[in-house]
Number of protein chains: 2
Amino acid sequence: MVASSEAFDIRLKTNAQEIEALLDALLSNDVREDEIARPESLRAAMHYAVLNGGKRLRPFLVVESALLLGGDKEAALRVGAALECIHCYSLVHDDLPAMDDDKLRRGKPTLHIAFDEATAILAGDSLLTYAFDIIAADETGLPEQSKVALVLALARSAGLGGMAGGQALDLAAEKNTPDERGIVTLQAMKTGALIRFACEAGAMIAGASSDDRKRLRAFGEKIGLAFQLADDLLDVTSDAATMGKATGKDVGRGKGTLVSLRGIGWAEAELRRHVEDATQLLEPYGDAAATLAATARFVAARKS
Amino acid sequence: MVASSEAFDIRLKTNAQEIEALLDALLSNDVREDEIARPESLRAAMHYAVLNGGKRLRPFLVVESALLLGGDKEAALRVGAALECIHCYSLVHDDLPAMDDDKLRRGKPTLHIAFDEATAILAGDSLLTYAFDIIAADETGLPEQSKVALVLALARSAGLGGMAGGQALDLAAEKNTPDERGIVTLQAMKTGALIRFACEAGAMIAGASSDDRKRLRAFGEKIGLAFQLADDLLDVTSDAATMGKATGKDVGRGKGTLVSLRGIGWAEAELRRHVEDATQLLEPYGDAAATLAATARFVAARKS
């Protein structure tokens, strides 16, 4: 239950602390069964990439979606941590010189600057791999059937047909500006797929009905759209100090966004509409969904 | 049953054809459930990276280990294809300029040369992701429990505590030559872990007893050691024409190998010992293990 914006902020922050404690433990130097050793340089790089002060929005969505439908919180935290490993690996690889060539991320040196490029590639690979380890591990404590469904859904959201494919489209967009439909597909893949997965995963963890799973998935799609529009709006209205990274880059590179195509006014109205749609999808759950509804508003209103 | 070296060659080649047909189908442009689109440039790059004329040794080990213990061949082929995706992703990333900076692989341009560096990074990421998709997918047709065990074992073999960790140690070895124990750990991680997984996975697919699983795992460890020694010997005795890639590189970079540390004679004797150990582990299975025994000899005798 979230009665106020302050209560929401506390809930989001508490979740971030729980996720970070879990990620810190998962990336300790304790060698686990079937591991031969944990080379310190690589472990430290993975730790740096993951313990980077993010808002942990995706894990928050996993946990809140799971709790809404009666799922186990510990299991949800672990799946959330796995998803955060995927998100953080994608940031590390996207920042590489051959990709977006970014030197700052949340005001800190990107991984290939703080360590080196080879280590950044390997740390990304290892975080991606670790995500599936975390879901499949005994400690996650879900039925085998749920684990298999989560592995499959996460792989499809993150791979060729999801996030990685979206990044490929994004790189191509620097050369050939896509039309509106192309931009929508690109964004649904690059940022939407993981957010959709986050909400659907909560339902899967809870062993929810097919109806609830579809509803949470649709909710995830809506806030994925809101997230991206908010991001595109920030890119043209914010400055580097607020974002902790370079801004105005999309336009500078000639990359089309819905904001550049349709204008700020249209985008702001569209953003409101997505939040309304998302909120409506939660109506059957009443007050129990107050936190998820607040998350939709938070995503649209974020300043960084 | 393998009565002759010729029969073995045919069996290995037939398996490679089956694996390649499966990989070709898995990397077609058919968009699967939960995928949003398959961007053509990325799909083509993944296809190029995987359909590259390898011997498919790891999938062969999965299939032959599974068949030995009564496992389903179709399931074994799919797990073998997943493992090959991991192996091929690792080659793509290892070849990158920031890593080994190789321009040729099996006589063909490496992926970042044939496409570009960003695409090579993303294709590697997507192949790694796809491996877990393939194992978890319905078509693999194994009990959920086996799928979860396979996902976990593959992730541990490929990640921080396995192959990727081994590559990190390998990069570090260019600066600080490891001692013999360090080299053994590095090689067990970098090449041994996936070969060990291949053999153990066969037992897991067959739902074999814990004893059989341990035996196949130990067999995999032995031929992993043989594989690496044969590779190190080839590096000093072969030439680029036979290998289809640059040779003598390990020594040129000052990287220690057991061959450079102990000499060719010692390494050849050690190689024979590993093959004998591997063969002895198969004794309880009698003639049924003839193909696996032939694989151990093949690994030790390979010329490329």
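The values are calculated or read from the model by the stated rules, or taken from the named source; none is laboratory data. What you see is a predicted model, and the numbers here were worked out from it, not measured in a lab. Glycine also receives a Cβ, built like all others from the backbone with ideal geometry; neighbour counts cover every protein chain displayed.
Worth pointing out:
- Reported count of residues in the range B:131-151, each being part of a helix (DSSP H, G or I) and either under 17 Å from the mean Cα position of the chain (by Cα) or more than 7 Å from chain A (Cβ to nearest Cβ) (or both), is 11.
- Count of residues meeting criterion [modelled with pLDDT under 95 and assigned to a loop (DSSP other than H, G, I, E, B)] in the range B:152-184: 6
- Hey, residue A:174 within 7 Å of another protein chain (Cβ to nearest Cβ), surrounded by fewer than 24 Cβ atoms within 10 Å (Cβ to Cβ) and among the acidic types (Asp, Glu) or not: no
- Check on residue B:233, over 29 Å from residue B:22 (Cα atoms) and either within 10 Å of chain A (Cβ to nearest Cβ) or modelled with pLDDT under 95 (or both): yes
- Search result, residues across the range A:294-304 that are in contact (Cβ under 8 Å) with a residue 40 or more places away in the chain, surrounded by 14 or more Cβ atoms within 10 Å (Cβ to Cβ) and in a helix (DSSP H, G or I): A:294, A:295, A:296, A:298, A:299, A:300
- Residue match in the range A:63-85 (condition: surrounded by fewer than 20 Cβ atoms within 10 Å (Cβ to Cβ), within 14 Å of chain B (Cβ to nearest Cβ) and not acidic (Asp, Glu)): no
- Cross-chain or 6+ apart pairs with Cβ under 9 Å, the range B:213-238 first and over 20 Å from residue B:170 (Cβ atoms), then aromatic (Phe, Trp, Tyr): B:215/B:285; B:217/B:197; B:220/B:197
- Looking at the range B:1-86, the helices (runs of 4 or more DSSP H) lying wholly inside it that each contain 1 or more residues that are under 19 Å from residue B:147 (Cα atoms) sit at B:5-26, B:57-68.
- The range B:107-130 - residue that is in contact with a His (Cβ under 7 Å, 6 or more places away or on another chain) and of a type in the set (A, V, I, L, M, F, W, C) and, of those, nearest to the other protein chains (Cβ to nearest Cβ): B:121
- Reported count of residues in the range A:162-194, each being of a type in the set (Ser, Thr, Tyr) and in contact with a Lys or Arg (Cβ under 9 Å, 6 or more places away or on another chain), is 1.
- Among the residues of the range B:155-165, those that are out of contact with any Asp or Glu (no Cβ under 6 Å at 6 or more places or on another chain) and within 8 Å of another protein chain (Cβ to nearest Cβ) comprise B:157, B:158, B:159, B:160, B:162, B:165.
- Restricting attention to the range B:8-42, the residues being more than 22 Å from residue B:79 (Cβ to Cβ) and within 14 Å of another protein chain (Cβ to nearest Cβ) number 9.
- So residue B:91, is it in a loop (DSSP other than H, G, I, E, B) and within 23 Å of residue B:231 (Cα to Cα): no
- Exactly one residue out of B:164, B:201 is among the aliphatic types (A, V, I, L, M), over 12 Å from the mean Cα position of the chain (by Cα), under 18 Å from residue A:126 (Cβ atoms) and crowded, with 21+ Cβ neighbours inside 10 Å: that is B:164.
- Taking (1) touching a residue at least 40 places away in the same chain (Cβ under 8 Å); (2) surrounded by fewer than 21 Cβ atoms within 10 Å (Cβ to Cβ); (3) in contact with a Lys or Arg (Cβ under 8 Å, 6 or more places away or on another chain) in turn, residue A:20 satisfies each apart from (1).
- Count - residues of the range B:100-130 that are surrounded by fewer than 20 Cβ atoms within 10 Å (Cβ to Cβ), over 21 Å from residue B:38 (Cα atoms) and not charged (D, E, K, R): 4
- Complete set of residues in the range A:44-59 that are touching a helix residue (DSSP H, G or I) at 6+ places or on another chain (Cβ under 7 Å) and free of Cβ contacts under 8 Å to residues at least 40 places away in the same chain: A:51
- Any chance residue A:125 is part of a helix (DSSP H, G or I) and over 21 Å from residue A:299 (Cβ atoms): yes
- The test for being among the small types (Gly, Ala, Ser) and at pLDDT 80 or above does not hold for residue A:246.
- Counting the residues of the range A:23-43 that are in contact (Cβ under 8 Å) with a residue 60 or more places away in the chain and small (Gly, Ala, Ser) gives 1.
- Per the listing B:89, B:48, the residue uniquely more than 10 Å from chain A (Cβ to nearest Cβ), under 18 Å from the mean Cα position of the chain (by Cα), farther than 21 Å from residue B:293 by Cβ and among the aromatic types (Phe, Trp, Tyr) is B:48.
- Subset of the range B:109-119 (residues that are within 19 Å of the chain's Cα centre (by Cα) and not β-branched (Val, Ile, Thr)): B:111
- Test: residue A:66 is more than 14 Å from the chain's Cα centre (by Cα) and closer than 24 Å to residue A:166 by Cβ: no
- Residue in the range B:35-55 that is of a type in the set (Ser, Thr, Tyr), closer than 25 Å to residue B:222 by Cα and modelled with pLDDT of 95 or more present: no
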